[in-house]
Amino acid sequence: MSRAFKFGQIATTLFGITLVAFFLIRLVPGDPVTLLIGERGASPEAIAELKARIGLDRPLVEQYGLFVWNALKGDLGVSILSGRSVGAEFLERLAATAELGLTALMLATLVGVPLGIFAALHRGRLFDRLSMGLAVSFYSMPIFWWGLMAIVIFSVKLAWLPVSGRIGVEHDVILKSGLLLVDSWLMPGSLAESWAAFKSVIHHLLLPASVLATVPLAVIARMTRSSLLEVLGEDYVRTARAKGLSRFRVVALHALRNALIPVVTVIGLMLGTILTGAILTETIFSWPGLGRWLVSAVLSRDYPVIQGGILMVAVVVLTTSLLVEIFYYFISPRSRGRG
Amino acid sequence: MKSSGLKPSGLAVAIVGALTSLLAAQAVSASTFVYCSEGSPRTFNPQMGSDGPTFNASSRTIYNRLVDFEKGGTKVLPSLAESWTTSKDKLQITFKLRKGVPFHTTSFFKPTRSFNADDVVFTFGRMMKKDHPFHTVNGGVYEYFTSMEMDKLVKEVKKVDDHTVTFVLTRPETPFIANMAMDFASILSAEYGDQLQKAKTLEKIDLEPVGTGPFKFVRYEKDSQIRFEAHEGYFEGKPKIERLIFAITTDPSVRTQKLKRGECQFVAEPSVLDIPSIKKEMKLSVIEQEGLNVGYLALNVEKKPLGDRRVREAIAKALNRKTYLDAIYQGQATVAVNPIPPAMWSYNKSIKDIDFDIAGAKKLLADAGFPNGFETTLWYMPVSRPYNPNAKKMAEMMQADLATIGIKAKLVSYEWGTYLDKARKGEHDMLLIGWTGDNGDPDNFLGTLLGCAAIKGGSNYARWCNKEFDKLVTDARQAPDQATRTQLYMKAQEVFKKELPWVTLAHAKAFRAMEKRVKGYSMSPFGTDYFGSVVVEKK
Amino acid sequence: MRVTQEALRSIRRNLGGPLIIVAMALLGLTTFFAIFAPLIAPYDPARTFEGAYSLPPFFLEGWDSRFLLGTDDVGRDLFSRLIHGARISLLAGFAVTVLSLTIGVVLGALAGWKGGFIEAAILRLMDTMMALPSILLAIVVVTILGPSLVNAVIAAAVTAVPGVVRLVRATIREEKAKPYSLSAKLYGAGGFRIVTVELLPNSLAPIFVQGTMGFGEGILNVAALGFLGLGARPPMAEWGTMLADSRAYVESQPWLVTAPGLCILIVILSFNLLGDHLRDVFDPKLKTREEA
């Protein structure tokens, strides 16, 4: 597949996304003005006037054209509810979700990969069965329930971890990069204060990140195991063993390197899962990230946020999968051969 | 499952254990006050909001109005205006403004003059005049101003001199002064407006607000926190709280958990379920107040057979409302008899409530020609409101009650925006809804929710237009003195109870929970929170 | 006779470890509960008992012997609701699977067989759907259609379609290149006939495995929508909705939250174990499925 063709595909998909994001939400009954006014009510003329002011009175096609044209220019418009630029809000939210999602992915990798390796090396034995049983349970976990239980156990009953939020409010950290793990070091004040703020951030991250890591951890562990088993069965590994190399050397030097390629790919492609999980996790932990932002925008019909937000989420997802493909292309001799 | 499920978190827990011990030393200093608020404000301009979180973060902290409600009450007192006079024809109201009231000095604005008449003209001009430079900024949706039809009532806002302003009205309107105490009438700075116009950053007026109120805006992170600091030049005296932080926490049980853990000192609207457990804690206290609200079941009189008064009465008799109070409000509410709450003036105490009476209900239904009942729909709100914390549960209980007299009610709900949209168009049969008053005037209930004009506006969910009732309410709106108005409203309540366009359900109590060392707070009947007078005693 | 014996032997051979037996048993039990719910459940799941609000289950003090697992905040029997919940969840999972497989197989077969513009159009549409977090897509679909169990099922099915389409298209293409389909073409069989008679039956194994896994996922997604308040309408006893309704009681009456959550977990776990096993049996080559 040529590169130009690939980019053509992505462009078509993005175009599809703008259509979906724009028209789907307009099929939803009710509009932002109705929601703004609430139980109170207003005369039809007043409502019509308010709609005109936000530009909702224009023909749909014209509104759509304007949206795409402005988006091409890099302008995603302004949120009807908050009056802030959608682009700026997106970046803020992306940072919060990234902090949570990447921490979760890291946890999942750090636990999942070793678990998968050990399971593969002890294939068929008790450890393998137990860990794979654990993995399939994690994989089946309804995380909205798991999150609630985790809060009750670790925050309420044991009082080990904070209930919700990203940082203790006593720390006066100003958002710069949006990643509090970084921003805590950029805050005014002493190094000790920064350290305290940093600890508070970690403290707040642990529970939601662990909950979010549940499903990816299971996937990574299972993938690592099956990939390693496959490689261990291949000729060159058997040859190496036959040459008298120790089992440890064979696994560590030869098998693992090749076995981890698909694992890394899977980790990269896990973004969709992470975002889906983030929507539920953010709801439960009051995490001010992308998921909550988009869901509340859908519920309040904040059209610019929905359109712009969905488009940007798609851009992030597509970019990541493209990067993963490129990575895979360079790292895997097989896929290059097939080209 | 339990033991295996803990595995990855087990690792986390070990790390956390170490961190917890280190973190415990970090205490919030006494002059910092953390308020666990209900949600993100929609804007920092109360002209454009209608929800509690917006008012708490703007009109109650950053701004003042010409007149204001007394703390914890509904009486109108002078504020930025020291006095006011009404002309003979009741069409001109003149306010004398307070002198020497400073606006906030912040990192983004340094005022050169005190508050004056220009600010008043600017504030109302933004909402009234279509050609005002700020009129369309940030969407330009002035909810209250529009829905109260202030644009039709106020003809002009005239500056007489630097400290005198006259409002010219198109018709006499007695509640007008009380309206000026409402959040949407908060006074913005004209000088700040000029600065923004020069900088061509008009949108900042609602994002980086400047007012005369007790606290200055510092920083806002949506869905996370808002930070304020004390306004040293506040005309009622500098607040005792130096740093005010709103920790935005949408889940009520999480708010309570944070209060118990000392992560905040004050909690808005704790869940009624948590009240007993908060009361048990030594260092915490709960205050409660009769809310200025009503939860009701609107019976759409345009739909058959709800147009028949006897059917409406049968429904009212069949609903065992006392059981709802226990199950849904945990007993923290009173059964509503009238559409206005008992705390409001002109409340008619002599009206007798409809009693729970299955036999009577069956008889009425039979008289109306439905001995075996009928099929209908019962709509319930998808959201929790103070006047009805769990409409879904209530609908389920009502459904069971109505079944006893043969009425088969199908439960219907939509997501909130759709619900309001469809209800406004009158697509429902029976509709659970309610109202929280916003200016302490009976017209705010009787006129807004039951007047004939409100059918078109959409807030008359019973779609009930009764000539007699409507005339009483319209007359009362223009009557000169409170005694006459009281009489008219009392009569209107009698008409209401005779016709029963609603089944009145409950007036819910409102709650606030806080650390005992928080002093000087008084609850507003409007459900907003004011911290200008609050003191936090040292531990 | 011999055929059945052979079949039995092969079943025994393929039954796998004790885990599969447990999973099958649990699924059997759930199905039994689901089918005979009205007979097994002591009460109507919507019946409210006045005064019997929030009673604890049998292992706690204050238990009322009428209610094995206690009652919820409006006085409904939790045990009866859980049993009826099995019915709703299994039905929902089944409906999601059938719906997504039907749409997915038709689109996937079309794309795989026709190729060209049709294939490109279908694939781009699927890409578009997959570029969105699935739950977000489901939320939008439900807000358009209005929240109800049926619409939650539709939404969950819609999000499951792209996975099926890709799988079916890939297997069809693989089968298409094989000699038997080429010869069928040579003998002048029509496209529709080849796809339905030759290709699809040969692609059944992976579709079947996908279906089993999709069953669990369907239940999970319907429950998640219920949890977000966009699923089943009251007084229907759906597990996810029950969970959401009792969120406020997670501290004071944790069993109200624990029980429906455990039910969801157990059923999905059983389906996934079964799906894993079926995949090993039908096609050892198939890899662990990556995407949720």
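What the Kirkwood sum gives for the stretch C:75-291 is a hydrodynamic radius of 18.6 Å, with every pair of different alpha carbons counted. Computed over chain A, relative contact order equals 27 percent, with contacts defined as Cα pairs under 8 Å that lie 6+ residues apart.
Considering all alpha-carbon pairs of the stretch C:187-238, what whole percent are spaced by more than 15 angstrom?
Numbers: 852 of 1326 pairs.
When all Cα pairs of the stretch C:187-238 are counted, 64 percent exceed 15 Å.
Along each principal axis, taking the top coordinate minus the bottom one, the Cα set of the stretch B:362-432 gives 38, 24, 17 Å in descending order. Relative intensity of chain B on a log10 scale, I(q)/I(0) at q = 0.06, 0.09, 0.12 Å⁻¹, equals -0.33, -0.73, -1.20, per a Debye sum over C-alpha point scatterers of equal strength in the absence of solvent. Please give the FRET efficiency for A:Leu323 paired with A:Leu175, using the beta carbon to beta carbon distance and R0 = 30 Å, rounded to the nearest 0.05. Calculated value: 0.70.
Straight-line cross-link reach from B:Lys129 at under 12 Å between alpha-carbon atoms covers these aspartates and glutamates, not counting any fewer than eight positions away in the same chain: B:Asp151, B:Glu156. Our coupling estimate for the stretch A:219-234, obtained by passing each phi through the Karplus curve with A = 6.51, B = -1.76, C = 1.60 and θ = phi - 60°, is 4, 5, 4, 5, 5, 4, 4, 5, 5, 5, 4, 5, 5, 4, x, 7 Hz, Gly and Pro reported as x.
Modelled label positions at A:Leu60 and C:Val22, each set 7 Å beyond Cα in the direction of Cβ, lie 5.2 nm from each other. When both the stretch A:99-144 and the stretch C:125-156 are represented by their alpha-carbon centers, they are found 29 Å apart. With a threshold of 25 Å on the Cα-Cα distance, the over-threshold entries among B:Lys362/B:Lys410; B:Lys222/B:Lys509; B:Lys363/B:Lys410 are B:Lys222/B:Lys509. One compactness figure for the stretch B:396-503 is 1.22, namely its Cα radius of gyration divided by 2.2 N^0.38 Å.
Translational diffusion of the stretch B:293-510 was estimated from the Stokes-Einstein equation, with Rh taken as the Kirkwood radius over Cα pairs; at 20 °C and 1.002 mPa s the coefficient is 124 µm²/s.
Which residue fluctuates most in the GNM of chain C (Cα springs below 10 Å): C:Glu251, C:Glu217, C:Glu198? Answer for the Gaussian network model of chain C: C:Glu251.
The local environment of A:Thr13, defined by Cβ-Cβ distances under 10 Å, has a net charge of 0 under the rule Lys, Arg +1 and Asp, Glu -1. In summary, the aspartates and glutamates within cross-link reach of B:Lys304, defined as a Cα separation below 16 angstrom excluding same-chain residues under 8 places away, comprise B:Glu313, B:Asp367, B:Glu375, B:Glu427, B:Asp429, B:Glu499. Note on chain A: Cα Rg divided by 2.2 N^0.38 Å, N the number of residues, gives 1.20.
If I take R0 = 35 Å and measure r between the Cβ atoms of C:Leu39 and B:Asp355 in this structure, what FRET efficiency does the formula 1/(1 + (r/R0)^6) give, to the nearest 0.05?
Working: r = 40 Å, r/R0 = 1.15.
Between C:Leu39 and B:Asp355 the formula returns 0.30.
Extending 7 Å from Cα along the Cβ direction at A:Trp195 and again at B:Lys110 yields two label points whose distance is 3.9 nm. Over the stretch B:63-202, the hull volume per residue, using the convex hull of the C-alpha atoms, is 123 Å³.
Can you tell me the alpha carbon radius of gyration of the protein assembly as shown divided by the globular rule-of-thumb value 2.2 N^0.38 Å?
On the way: Rg = 31.9 Å, N = 1170, 2.2 N^0.38 = 32.2 Å.
Dividing the Cα Rg of the protein assembly as shown by 2.2 N^0.38 Å gives 0.99.
Here the stretch A:226-319 was treated as a single set of alpha-carbon atoms; its pair distances binned every 10 Å from 0 give 14, 29, 17, 15, 15, 8, 1 percent. Exposure here means at most 14 other Cβ atoms within 10 Å; with chymotrypsin sites (Phe, Trp or Tyr not before Pro) in a DSSP loop as sites, the longest stretch of chain C lacking them is C:60-186.
Give the residue list of trypsin sites (Lys or Arg not before Pro) in the stretch B:282-359 that are DSSP loop and have at most 14 other beta-carbon atoms within 10 angstrom.
Numbers: sites: B:Lys283, B:Lys303, B:Arg309, B:Arg310, B:Arg312, B:Lys317, B:Arg321, B:Lys322, B:Lys349, B:Lys352; in loops: B:Lys283, B:Lys303, B:Lys349, B:Lys352.
Passing sites in the stretch B:282-359 are B:Lys283, B:Lys349, B:Lys352.
Given 0.36 nm per residue, what is the gain on full extension from B:Ala199 to B:Glu242 after removing their alpha carbon distance, in nm?
Between B:Ala199 and B:Glu242, full extension yields 12.4 nm more.
Across the stretch C:26-36, rounded Karplus estimates of 3J(HN,Hα) from the backbone phi angles (6.51 cos²θ - 1.76 cosθ + 1.60, θ = phi - 60°) give 4, 5, x, 4, 4, 4, 4, 4, 5, 5, 9 Hz, Gly and Pro being marked x.
If both residues of a DSSP beta bridge must be in the protein assembly as shown, then about 80% of such bridges are antiparallel. Other residues with beta-carbon under 10 Å from the beta-carbon of B:Asp118 carry, at +1 per Lys or Arg and -1 per Asp or Glu, a net charge of -2. Going by neighbour counts of Cβ atoms within 10 Å, the residues B:Asp194, B:Asp441 line up, fewest first, as B:Asp194, B:Asp441.
Between exposed trypsin sites (Lys or Arg not before Pro) in chain A, where DSSP calls loop and at most 15 other Cβ atoms lie within 10 Å, what's the longest gap?
Details: sites that count: A:Lys73, A:Arg123, A:Arg125, A:Lys176, A:Lys243.
So the longest stretch without any such site is A:244-339.
Residues considered: A:Ala218, A:Ala196, A:Ala314. Largest GNM mean-square fluctuation over chain A, using C-alpha springs under 10 Å, is found at A:Ala196.
For the stretch C:75-291, lysine pairs separated by 8 or more sequence positions, or belonging to different chains, with Cα-Cα distances below 23 Å total 8.
For A:Lys243, no lysines have a Cα falling under 19 Å of its own Cα, not counting residues fewer than eight places away in the same chain. Cα-based values for the stretch B:145-221, radius of gyration first and Dmax second, are 15.3, 44 Å.
Measuring spread by the Cα atoms of the stretch A:41-80 yields a radius of gyration and Dmax of 12.4, 37 Å.
Values quoted throughout were computed directly from the atomic coordinates according to the rules given, and no laboratory measurement underlies them. Model, not experiment: these values are computed from the prediction. FYI the Cβ positions are ideal-geometry reconstructions off the backbone, even for glycines, and counts take in every protein chain you see.
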